[in-house]
Amino acid sequence: MLTLEDIKQDPVVHTFVRRGNQYLGEMGFTEHGTRHLNVVSSRIQHIMQTLGYSPREVEVAKIAAYLHDIGNVINRVGHSQSSALLSVKILGDLGMPLEEIAVIAAAVGNHDEGSGTSVNPVAAALILADKSDVHRSRVRNRDLANFDIHDRVNYAVEKSALYVDKNEQTITMELDIDISICPVMEYFEIFLGRMTLCRRAADFLKAQFRLLINDARLI
């Protein structure tokens, strides 16, 4: 059975991830390369394992997490759908069972707040894992004078973490933000849609979504 390590070693995946991240950099977007994909894969593993999903379901989720942005090699617009289509081709060529491909395709195709929704547990977990990766290390523009709002928000985040408590049925996103760089309101200005998507994803997983910023609970 295919594993995340098999996916990481595939030359098509490696090339498309590297090139897609390069192209986004040319457009001024934050980092979407192996660092981001490894963080999202680790967080989706934490979510799925803590909520009691099987080892194989966890592995399938990790593969979805690693492939969720591969469509950036084509275009940022509609990248969730192009990522899903590329994933179907890549995973089919590698011999993954169709039932697992179908789960991954739906999860990858629904991870973006513009058009996504939680259609299966992997999709819900992917939304939470992806949207929680907000951090200054993702900002490529180091000229603070030329920061746009996305740069400011990401650069202001000194710590981001995601915690799952199965007993309390809660999924908590915790951020430490330097408010001298970005007021908390600016975070909500660009991320309100993402937080709404995260709340609905947690609901799908029968959990309550919580957002803590600088130790204050906002959701």
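Exactly one of (1) more than 25 Å from Gln9 (Cα to Cα); (2) touching a Leu at 6+ places or on another chain (Cβ under 6 Å) is unmet by Ser87. Its number?
(1)
Please go through (1) modelled with pLDDT under 95; (2) of a type in the set (A, V, I, L, M); (3) in contact with a Cys (Cβ under 8 Å, 6 or more places away or on another chain); (4) under 20 Å from Asp112 (Cα atoms) for Met173 and return the number of the only condition it doesn't satisfy.
Looking at each condition in turn, Met173 falls short on (1).
One line per residue, one yes/no per condition, for (1) among the charged types (D, E, K, R); (2) open to solvent by less than 60 Å² (accessible area, probe 1.4 Å); (3) in contact with a Cys (Cβ under 7 Å, 6 or more places away or on another chain); (4) not in a helix (DSSP H, G or I):
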residue: Met1; (1), (2), (3), (4): no, no, no, yes
residue: Val17; (1), (2), (3), (4): no, yes, no, no
residue: Glu31; (1), (2), (3), (4): yes, yes, no, yes
residue: Ile44; (1), (2), (3), (4): no, yes, no, no
residue: Val58; (1), (2), (3), (4): no, yes, no, no
residue: Asn75; (1), (2), (3), (4): no, no, no, yes
residue: Gln81; (1), (2), (3), (4): no, no, no, no
residue: Leu85; (1), (2), (3), (4): no, no, no, no
residue: Ile90; (1), (2), (3), (4): no, yes, no, no
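So Ile70 fits all but one of (1) of a type in the set (Val, Ile, Thr); (2) crowded, with 18+ Cβ neighbours inside 10 Å; (3) over 18 Å from Thr30 (Cα atoms); (4) touching a residue at least 24 places away in the same chain (Cβ under 8 Å); what number is the exception?
Checking Ile70 against (1) of a type in the set (Val, Ile, Thr); (2) crowded, with 18+ Cβ neighbours inside 10 Å; (3) over 18 Å from Thr30 (Cα atoms); (4) touching a residue at least 24 places away in the same chain (Cβ under 8 Å), the one that fails is (3).
Residues in the range 19-29 that are surrounded by fewer than 15 Cβ atoms within 10 Å (Cβ to Cβ) and among the polar types (S, T, N, Q): how many?
Summing the residues that are surrounded by fewer than 15 Cβ atoms within 10 Å (Cβ to Cβ) and among the polar types (S, T, N, Q) in the range 19-29 gives 1.
Suppose we keep only residues that are surrounded by fewer than 20 Cβ atoms within 10 Å (Cβ to Cβ) and within 15 Å of the chain's Cα centre (by Cα) within the range 107-120. Which one would you say is farthest from Ser80 (Cα to Cα)?
If we filter the range 107-120 for residues that are surrounded by fewer than 20 Cβ atoms within 10 Å (Cβ to Cβ), which is where we start, we get 113-115, 117, 119-120.
Now restrict to residues that are within 15 Å of the chain's Cα centre (by Cα): 113-115, 117.
Details: Glu113: 10, Gly114: 10, Ser115: 9, Thr117: 12 Å.
The qualifying residue farthest from Ser80 (Cα to Cα) is Thr117.
The values are calculated or read from the model by the stated rules, or taken from the named source; none is laboratory data. In this text, all values refer to a predicted model and were calculated from it rather than measured experimentally. Positions of Cβ are generated from backbone atoms using ideal geometry, with glycine treated the same way; all protein chains shown enter the neighbour counts. Only protein heavy atoms, including side chains, enter the accessible area calculation; ligands, DNA and RNA are left aside. Shrake-Rupley method; radii C 1.70, N 1.55, O 1.52, S 1.80 Å.
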